[in-house]
Amino acid sequence: MEIRDIEIFLTLGQELHFGRTAERLRVSPARVSQAIKKQERRLGGALFDRSSHHVRLTPLGRQLYDDLLPVHRALRQSLERAASTARRGTEVLRLGMMSSNSEDLRPVLAAFSSRRPGCHVRIRAMGYDDPFSALRRGTVDILLAWLPIREAGLTVGPVVYTEPVVLCVSAAHRLAARDSVSYEDLAYEAVPTGAAPGYWREALIPARTPSGQPIAEGPAAGDGTQLLAIVASGEAVCPVHAHALRYYARPDIAYIPIRDAPLGHWALCWRTGGDTDVIRDLADVVEGLGPLPL
């Protein structure tokens, strides 16, 4: 039995109407009738009871329908998987990142590469000033950002890694020699502005100390390079995630643990309704590995 004849039989078994079946498959009603008659001759029995008022499956037709339906579904899935595999050689996933710690993602990227060989991950640098707009515009397919993320139209996926928060200060700053600091120490300092939206910045760089004292706002920084220049000049101090110790080490910069800072959580996010097989595969890989401690 040819695949097209199987499709005609299964569709007629669902529609129970020759005209609707022909319209759905974009063939003529005569083609539908010919295919069914050919199958009935081959099998030696009627598959449908036909009258001017109704069409229904015979017991033989019901048996064949129940047997063929899962086989046909499996065949279509096999063809779709083969087509997907063929496309993977040219697939590209654009990953937005605000930091340069891509080496920390090596376990994730290696597992993803094994799952989708031929899919190339291209990392795109994002600023702090409005990282979510790039995702909405489609400049990147998926974004890695610290939590919380409360953005309309965006879906938050699994946590990729967690890490401590430290205070970035000038090496000549009064706090540079400390073993640790508290958020309360920021009452006497200024912190950079520029990161947006506000609630997202506040999760890392609070506007007030734990006791409620205001923290002064310093110059705006749109990315890591600008932030380090401002801090090195002594104009401001800034809470940052601890991977900065490894990726942004400088002789004019010191990093001091913030003892009352909660761990930072970095998660994937993407456009709601815009998740693809590639995005879902990356999310599944991250889910399987669990949050990486940095």
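The values are calculated or read from the model by the stated rules, or taken from the named source; none is laboratory data. This structure is a prediction, so every number in the text was calculated from the model and none was measured. Quick reminder, even Gly has a Cβ in these numbers, built from the backbone with ideal geometry, and neighbours come from all protein chains shown. To get the accessible areas, we keep the full protein, side chains included, count just its heavy atoms, and leave off ligands, DNA and RNA. Shrake-Rupley method; radii C 1.70, N 1.55, O 1.52, S 1.80 Å.
When residues of the stretch 185-196 are filtered for being in contact with an Asp or Glu (Cβ under 8 Å, 6 or more places away or on another chain) and either in a loop (DSSP other than H, G, I, E, B) or acidic (Asp, Glu) (or both), how many remain?
3
Considering every residue within the stretch 273-282, establish whether at least one is among the hydroxyl-bearing types (Ser, Thr, Tyr), open to solvent by 20 Å² or more (accessible area, probe 1.4 Å) and under 23 Å from Arg94 (Cβ atoms).
The initial filter retains those residues of the stretch 273-282 that are among the hydroxyl-bearing types (Ser, Thr, Tyr), namely 276.
Keeping just the survivors that are open to solvent by 20 Å² or more (accessible area, probe 1.4 Å) gives 276.
Checking which are under 23 Å from Arg94 (Cβ atoms) leaves us with 276.
Looking through the stretch 273-282, at least one residue is among the hydroxyl-bearing types (Ser, Thr, Tyr), open to solvent by 20 Å² or more (accessible area, probe 1.4 Å) and under 23 Å from Arg94 (Cβ atoms).
On the given criteria, is Val278 among the β-branched types (Val, Ile, Thr), at pLDDT below 95 and out of contact with any Ser or Thr (no Cβ under 7 Å at 6 or more places or on another chain)?
Numbers: among the β-branched types (Val, Ile, Thr): yes; at pLDDT below 95: yes; out of contact with any Ser or Thr (no Cβ under 7 Å at 6 or more places or on another chain): yes.
In short, yes.
Step by step: first the residues of the stretch 236-264, then only those that are assigned to a strand (DSSP E or B) and more than 20 Å from Pro210 (Cβ to Cβ), then the one that is most open to solvent (accessible area, probe 1.4 Å). Which residue is that? Reasoning before the result, please.
First, the residues of the stretch 236-264 that are assigned to a strand (DSSP E or B): 238-241, 253-258, 264.
Still in the list and also more than 20 Å from Pro210 (Cβ to Cβ): 253-255.
Details: Ile253: 16, Ala254: 20, Tyr255: 43 Å².
Checked the stretch 236-264; the qualifying residue most open to solvent (accessible area, probe 1.4 Å) is Tyr255.
Filter the stretch 99-125 for residues that are open to solvent by less than 60 Å² (accessible area, probe 1.4 Å) and touching a Ser or Thr at 6+ places or on another chain (Cβ under 9 Å) and give the result.
Leu109, Gly118, Cys119, Val121
Identify, please: which residue in the stretch 216-233 is in a loop (DSSP other than H, G, I, E, B) and modelled with pLDDT under 95 and is, among those, surrounded by the most Cβ atoms within 10 Å (Cβ to Cβ)? Lay out the reasoning, then the answer.
Filtering the stretch 216-233 down to residues in a loop (DSSP other than H, G, I, E, B) leaves 221-223, 233.
With modelled with pLDDT under 95 added as a condition, the list becomes 221-223.
Details: Ala221: 23, Gly222: 16, Asp223: 16.
Residue satisfying both the conditions and the ranking: Ala221.
From the residues in the stretch 29-70 that are closer than 15 Å to Glu2 by Cα and hydrophobic (A, V, I, L, M, F, W, C), which one is surrounded by the most Cβ atoms within 10 Å (Cβ to Cβ)?
Here the answer is Val32.
Of all residues in the stretch 2-28 being buried (at least 17 other Cβ atoms within 10 Å of the Cβ) and in contact with a strand residue (DSSP E or B) (Cβ under 8 Å, 6 or more places away or on another chain), which is farthest from Arg42 (Cα to Cα)?
Phe18
Determine which single condition Ile205 fails, assuming it passes every other condition in (1) open to solvent by 20 Å² or more (accessible area, probe 1.4 Å); (2) without any contact (Cβ under 8 Å) to a residue 40 or more places away in the chain; (3) under 18 Å from His265 (Cα atoms).
Among (1) open to solvent by 20 Å² or more (accessible area, probe 1.4 Å); (2) without any contact (Cβ under 8 Å) to a residue 40 or more places away in the chain; (3) under 18 Å from His265 (Cα atoms), the lone unmet condition for Ile205 is (1).
Residues of the stretch 275-294 being assigned to a loop (DSSP other than H, G, I, E, B) and free of Cβ contacts under 8 Å to residues at least 60 places away in the same chain, which ones?
Residues of the stretch 275-294 that are assigned to a loop (DSSP other than H, G, I, E, B), as a first pass: 275-276, 290-291, 294.
Of everything in the stretch 275-294, just one residue is assigned to a loop (DSSP other than H, G, I, E, B) and free of Cβ contacts under 8 Å to residues at least 60 places away in the same chain, namely Gly290.
Within the stretch 156-184, which residues are surrounded by fewer than 18 Cβ atoms within 10 Å (Cβ to Cβ), among the acidic types (Asp, Glu) and either in contact with a strand residue (DSSP E or B) (Cβ under 9 Å, 6 or more places away or on another chain) or closer than 14 Å to Ser233 by Cα (or both)?
Passing the criteria: only Asp179.
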